[in-house]
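**Q** A single structure is presented below for examination.
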Amino acid sequence: MGRPTAGVQPYYAQRAELLGQRYGSVTFEEVHGGVLDLLPPTSGKVLDVGAGTGRDAVALARRGYQVVAAEPVRELREVAQSLHPREDVRWVEDSLPALSHLQGPFELVLLSAVWMHLASAERGQAMERLSTLLTPAGLLVISLRRGLPPTDRVMFDVPAEEVVRDGARRALQLVRLVEEGADQLGRAEVWWQTVVLRKGGE
């Protein structure tokens, strides 16, 4: 979710249980259907950054991946472990842009609804760090919330073109851009894009 600046982490801490219900109301497959065919072999090691209440991390674990879930907000991690107590996911307290407690490499790194919390300078730092965590030919999947940012927490409307450009500077090449359109949770002012980058462009 980014560093604890301007109330981002307190927002999620105060609403952890509600957000667990909200995020769980749509499935991993519904949210990420446009990239499912690109996922690596299911024995791989994957990282879910800003894993929140665990919907995506758990879904990936159930698909057979070795999953590390990085989430800086303690309350979200607690809700995740309460909702999914027996799932084989390793939870780590860590945050962008540094992700200093993680060691790769990972075949897949997923950032679902996370990138928009990072300021411009942090996004450059984060892309550099993420590139170092990927295996050769590893995939980086970043979903972008588009539209007018809310007023109750720090958020930026980051276009896919910027993500592609920043990735290219670190040898991450565009594999797919998914224009997902309407918000799965019914927010009329929100729409989504997903950028998939591959290390080395292989």
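**Q** Carbon and sulfur: what percent of region 31-71's accessible surface (1.4 Å probe)?
**A** Roughly 49 percent, rounded to a whole number.
**Q** Can you tell me the FRET efficiency between A121 and E78 if r is taken as the Cβ-Cβ distance and R0 is 25 Å, rounded to the nearest 0.05?
**A** Values: r = 31 Å, r/R0 = 1.23.
So, using R0 = 25 Å, E works out to roughly 0.20.
**Q** First select every other residue whose beta carbon is under 9 angstrom from the beta carbon of M116; then total the charges, Lys and Arg +1, Asp and Glu -1.
**A** On the way: positive: R145, R146; negative: D157.
Around M116, the charge tally is +1.
**Q** Moving to a separate point now. Can you compute the modelled spin-label distance between K45 and E161, with each label point 7 Å from Cα toward Cβ, in nm?
**A** Placing both labels 7 Å along Cα→Cβ, they lie 3.8 nm apart.
The values are calculated or read from the model by the stated rules, or taken from the named source; none is laboratory data. The shown structure was predicted, so the numbers you read here are calculated from the model rather than taken from an experiment. Positions of Cβ are backbone-derived with ideal geometry, glycine not excepted, and every protein chain shown enters the neighbour counts. Ligands, DNA and RNA are excluded from the accessible area calculation, which covers all protein heavy atoms including side chains. Shrake-Rupley method; radii C 1.70, N 1.55, O 1.52, S 1.80 Å.
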